[in-house]
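Below is one structure; the comments refer to it alone.
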Amino acid sequence: MTELFLKLLGVNVDQAVDIARASLAFRGGVSTGWVVFLLLLLGGGLYGMYRATPVPMSARRRNTLAALRILFVALILGLLLRPVLALTVEGSIRQLLVVMIDTSASMQIRDPRLDPAEQKRAAIARGALDPQKGLGQQQDRNTAREYEQIARIDVARSALQNPRLNLLPRLDRDFDLAAFTFGQNLLEISARREQTTNSEPRQKKVTVENFPWVKQLQAESPATALGDSLQEVSNRKRGQPIAGILLLTDGANNKGAQPIESAAVLRQEHVPVYAYGVGITSPRDIIVSHLFAPEITFVKDEVALTARVRSQGLKGESADLVLRLGSETVATKSITFADDGEQVVSLKFTPQIQGEFDLEAAISPRDDEAVKDNNARAQRLRVIDAKIRALMVEQSPRWEFRYLQAMLLRDRRIDLNCLLIEGDPGIIRGEDSPYIAQFPSRKEELFRYDLVILGDVDPRHLSATHLDNLNELVSRFGGALVVVAGKRFMPNAYRRTVLENLLPVEFDAPSIESSLEPVADKPIRLELTSAGRASPMLRLADNEQENVALWKELPPIYWAARVARSKPAAEVLLVDPEPARESRFGKMPVMAVQQYGLGQVLYVGSDNTWRWRKNVGDRYYTAIWGQIAQRVSLQRLLGGSKRTQLTTDRQNYMTGDRVSVYARLYGAGFEPIQEPALKGSYGLKGGQGPRSEVNLRAIPEQPGLYRGEFVVTTPGPHEFSVEPDPGTVLDFNVTEPKFEFGATAMNETTLRELAAATGGAFFREEDLHKLPDTIRAKTERVQSPLEVELWSSPLYFLILLAVVTTEWVLRKMSYLK
């Protein structure tokens, strides 16, 4: 009956269905009230006409004729309303089953199946054991050795081709199959079985041989985007009735969205995931996952670094972590493995010669490891043989000066001179005294310094020539300037001077309060910005979360200079979170840095950083100021071209990474180049292989500064240069990512959570024979929305014809025209 009703509505259905819900809507755009009003008006007139007819007939027939005519008019008026019938039909509609096979590189892993249960699982997949007898059946010890090391992709292929499991033919009998492979990207493949003759019944003619695409599966993708792939499949198949997703994977996910996030989307769309976990859950493996080391260091300067080492199935075992600089072993540390997990190993070494080297942390592979090429992590390290020549200028020996001077004098990387304007003249005559008598008056004297630290100095002691020379040192010769604010002069006393242009912050508007003695009695806990969290200058720990936590634990400062905001090209590292000191531009900057010409200018808006020594001594104070001195002086130390400066955000990249490169170019007279765009090129060092062109575009309001982007695809040492100055080269290193071998265990926990969250199920080899029946049981009845334009359906016009025909017959029987 339901099928007949739907056919009368003009709907074609393959099988019998039931109507679960129905509702009526009007899409004509005409007010229902007006149509009802018109119907009442016309109905009253029609009824009056039949009452007034002179032909004798019974009252019952007269009322019936009037009712039929009114119903006919109502149906005609109904066409104006364009009624639509919204149905929800429920039935055994043939649905789509998506089959997703993981073809990432981790599926190449040959799991060391030492556990008899894991050997039986591989044997079930390969068809050597009865799938329905599970893990309780006996296995010949000699044949078991065949399954001790078998690649995961081979296990997956075998399970799909196993005639004893007969998975794909059984699924094809009930569903339309759509197959995809996924790794870094999602790729649809032909999942249709090869067609056979129609002379045999369907269930007899389909075998595993009818799915040849299974034999072509290869695991080569360098990353796994499981979460993204699930979302993309959902988007591609949206609107189709989907029975679920059959997922064959080891559960790795090292790119894009998390699978549990995708599970929420699939749950809303009623798409269950049936996950088949391929691999073993605890293979023996050692993974050196990360190496945290500086990209540049100094000769004979101790380098502290950390490596993260993950172990699986090796509790109680030990190994040596070896650190190599080039071909030389520079440090070794023995580590003992505990439960499965990660440990952080700290190492130190002192480079003896300058140059560029590969720095590698490695553990020798074991014979029983699942993967033997994830035991090392390397990066490029540049060792330079130079000291930072620094000049520190201060008005009086305030606390910040005393602690900072003592720290810089102890640092073997820094050759420090000091000018203390209000100091005793006799201090310059002491043996090995770092003090000088006056600010360098000649350019050549000032330009010998790489770094100038300018404190709370009365501007009357610095002439316009001094400031112009300082400006030229930074902008044209790549020098660095660090300005440390003070309560007396810095920075507001330098309003409308050259120094105002150099600073990365804009001065606050003059006020009566700014002329009074500053109040320093309220604690200020500085807050890292996103740029501050990423800056090497402010790094107190290798892990970002640990770094942020340490900054939150630092003692507060008690004074910060009032400034309006940062300049457009500046990068704010620390802010004062107090809302009372916010402006319409946001939180007040306390530490900011900007590129100024060829050099860098760092503004420190407080003379209270010495308070960070409380309870911990020089531990963090020395680390922060040492990193500041090194990073801002780096361009000058590396001996970059005076007229061409090339920089990237880091020195080490992985294939597929996007590189952002900046170029600052000046003409022969050190005037900024004004071209709207420049061409650059990059390629492997030593002329190996072709070079690729890069377009760099000028950055608005920053004369001479250009920016370009490109994606590196080839591993190895690279170099970048620009056409106006091909002799100036920027070096960077590119390595192959090892995402796929960062975690080698089959992630059963994630797959079980994914299946449970979507209403599906998780399977191992011993359960695979139940998989088709499980999917069928959950998809026997489906609901599908259906909209029928009732006004244009055959049923509507049949009713219209029936009404007018009945009225005509009755009129003839009543001798009416």
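Observations, loosely collected:
- Extension gain for GLN354 to GLN702 (0.36 nm times residue separation, less C-alpha to C-alpha distance): 121.8 nm.
- In this Cβ point-charge picture (+1 for Lys and Arg, -1 for Asp and Glu), segment 585-728 has a dipole of about 560 debye about its Cα centre.
- Full extension of the segment from VAL36 to GLU671, taken as 0.36 nm per residue of separation minus the current Cα-Cα distance, would add 220.5 nm.
- In loop segments of segment 536-640 as defined by DSSP, the trypsin sites (Lys or Arg not before Pro) with at most 12 further C-beta atoms inside 10 Å of their C-beta are ARG584, LYS614.
- Measuring r between the beta carbons of SER583 and ALA531 and using R0 = 30 Å, the FRET efficiency lands at 0.95.
- Estimated 222 nm signal from helices in the chain, with DSSP H stretches of n ≥ 4 weighted -39500 (n - 2.57), rounded to 500: -8000 deg cm²/dmol
- The chain, accessible surface, carbon-and-sulfur percent (1.4 angstrom probe): 50 percent
- For the chain: accessible area per residue (Å², 1.4 Å): 48 Å²
- Label zone at ALA386 (point 7 Å along Cα-to-Cβ), backbone N below 14 Å, segment 293-311: 296-299
- The lysines within cross-link reach of LYS770, meaning a Cα-to-Cα straight distance under 21 Å and a gap of 8 or more places when in the same chain, are LYS120, LYS133, LYS204, LYS778.
- Rounded Å value of the spacing that divides the Cα centres of segment 25-87 and segment 703-768: 70 Å
- Spread of Cα-to-Cα distances over 5 Å intervals beginning at zero, given as percent, for segment 88-189: 2, 12, 17, 18, 17, 14, 10, 6, 3, 1, 1, 0
- Dimensions in Å of segment 565-699 - Rg and Dmax from alpha carbons: 19.3, 58
- Extended-chain gain in nm, criterion 0.36 nm per residue less alpha-carbon gap, ILE427 and GLU188: 78.2 nm
- Between segment 412-447 and segment 574-653, the alpha-carbon centres lie 24 Å apart.
- This model, with +1 at the C-beta of Lys and Arg and -1 at the C-beta of Asp and Glu, gives segment 226-327 a dipole about its Cα centre of some 280 debye.
- Top positive-direction residue, dipole computed over segment 609-757 with Cβ charges, set PHE720, LEU634, TYR662: LEU634
- Under-23-angstrom lysine pairs by C-alpha in segment 246-375, whenever the two are 8 or more apart or on separate chains: 7
- DSSP beta bridges fully contained in segment 254-397 are about 90 percent antiparallel.
- Candidates TYR558, VAL575, VAL482 compared by Cα position along the dipole of segment 473-607: farthest toward the positive end lies VAL482, with charges placed on Cβ.
- The Cα atoms of segment 520-570 cover 32, 31, 13 Å along the three principal axes, with the biggest extent listed first.
- Rg/Rg_globular for the chain, with Rg_globular taken as 2.2 N^0.38 Å and Rg from C-alpha atoms: 1.39
- Antiparallel DSSP beta bridges within the chain, percent to nearest 5: 70 percent
- The alpha-carbon of LYS567 sits under 16 angstrom from the alpha-carbons of these aspartates and glutamates, leaving out residues fewer than 8 places away in its chain: GLU500, GLU506, ASP508, GLU582, GLU701.
- VAL505 long-range amide H proximity, modeled H, under 5 Å: LYS567
- Surface/4 estimate of mean projected area, convex hull on alpha-carbon atoms of segment 677-738, nm²: 4.9 nm²
- As a calculated quantity, the FRET efficiency between THR207 and GLU146 at R0 = 30 Å, using C-beta atoms, amounts to about 0.75.
- Efficiency of FRET between GLU328 and THR306 - r from beta-carbon atoms, R0 30 angstrom, step 0.05: 0.90
- Loop-located GluC sites (Glu not before Pro) across segment 647-735 with a Cβ neighbour count of 10 or fewer within 10 Å are GLU701, with loop assigned by DSSP.
- Once exposed loop chymotrypsin sites (Phe, Trp or Tyr not before Pro) are cut out (DSSP; at most 12 other Cβ, 10 Å), longest piece of the chain: 1-584
- Under 5 Å between amide hydrogens, built in the peptide plane, is the criterion, and for GLY478 it picks out LEU598, GLY599 among residues at least 5 positions away or on other chains.
- The charge dipole of the chain, taken about its Cα centre with unit charges on the Cβ of Lys, Arg, Asp and Glu (plus for the first two, minus for the last two), comes to roughly 3380 debye.
- Taken along the Cα-to-beta-carbon direction at a fixed 7 Å, the label points for SER792 and ALA74 span 2.5 nm.
The values are calculated or read from the model by the stated rules, or taken from the named source; none is laboratory data. Remember, it's a predicted structure, so these values are computed and weren't measured experimentally. When we count neighbours, we look across all protein chains shown, and the Cβ atoms used for this are built from the backbone with ideal geometry, even at glycine. Quick note on the areas: whole protein, heavy atoms, side chains included, nothing else; ligands and nucleic acids left out. Shrake-Rupley method; radii C 1.70, N 1.55, O 1.52, S 1.80 Å.
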